[in-house]
Amino acid sequence: MNTLIIGGSNSKQSINRKFALYAGSLFSNSTSEVYDLSQVSIPLFSVDLEAALGIPEEVLLFAEKIDNTDFIVLSLAENNGSFNAGFKNLIDWTSRIKNRKLFGEKSMLLMATSPGARGGASVLETAKNIFPFMGANIKGTFSLPSFYQNFSDEDGITDATLKQALQKIIDNI
């Protein structure tokens, strides 16, 4: 299985990229590619800009990565209860590509984490409700609360109950 790993944040220090990488590593018999949103520079979406310039090349490349994968692991950052602006801009642009559903009917593990106790629950709930209309086949969802207390770069999820819960979701995918 070829997996596309996405941290839904344009921060260079994204905890959601770290978390998505970790979750992606838990899949057996999988090769993975990381899409690093912090390395992407696209203009703020507007219909006027789209009419003047067309779809940016970076957006077309992102859509191609989705088309060429079997599975998506996506962990969303939550900014003020919603999507990170960089990620939202990327999906706004990608949704404008003619004759496609944004996520291409690909299977997806949808997650979120944050430093807070709710673990990005608001953005996760929003995505869980709207992503199927954008062509995501969501196979499981998971929220990791209090990232800095429950995650380490060396061990991944440090809380045994949370670690087991994520592994169970992955085993059932």
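Observations, loosely collected:
- Net lengthening on full extension, I130/Q149 (0.36 nm per residue, minus Cα-Cα): 3.9 nm
- Karplus 3J(HN,Hα) series, Hz, for segment 6-11 with 6.51 cos²θ - 1.76 cosθ + 1.60 (x for Gly, Pro): 10, x, x, 8, 9, 6
- Rounded to whole Hz, the Karplus (6.51, -1.76, 1.60) HN-Hα couplings of segment 51-60, x for glycine and proline: 5, 7, 10, x, 7, x, 4, 4, 6, 4
- Shape analysis of segment 1-89 places it in the oblate category; the axes a ≥ b ≥ c from the Cα gyration tensor give an a/c of at least 1.5, with a/b not above b/c.
- Cα pair distances exceeding 23 angstrom across the chain, given as percent: 36 percent
- Taking a straight line from the alpha carbon of K139, these aspartates and glutamates sit under 20 Å away, with near neighbours fewer than eight places off in the same chain left out: E33, D67, D70, E105, E125, D171.
Every number in this text was worked out from the coordinates using simple rules, so none of it is lab data. Nothing here was measured: the structure is a model prediction, and the numbers come from that model.
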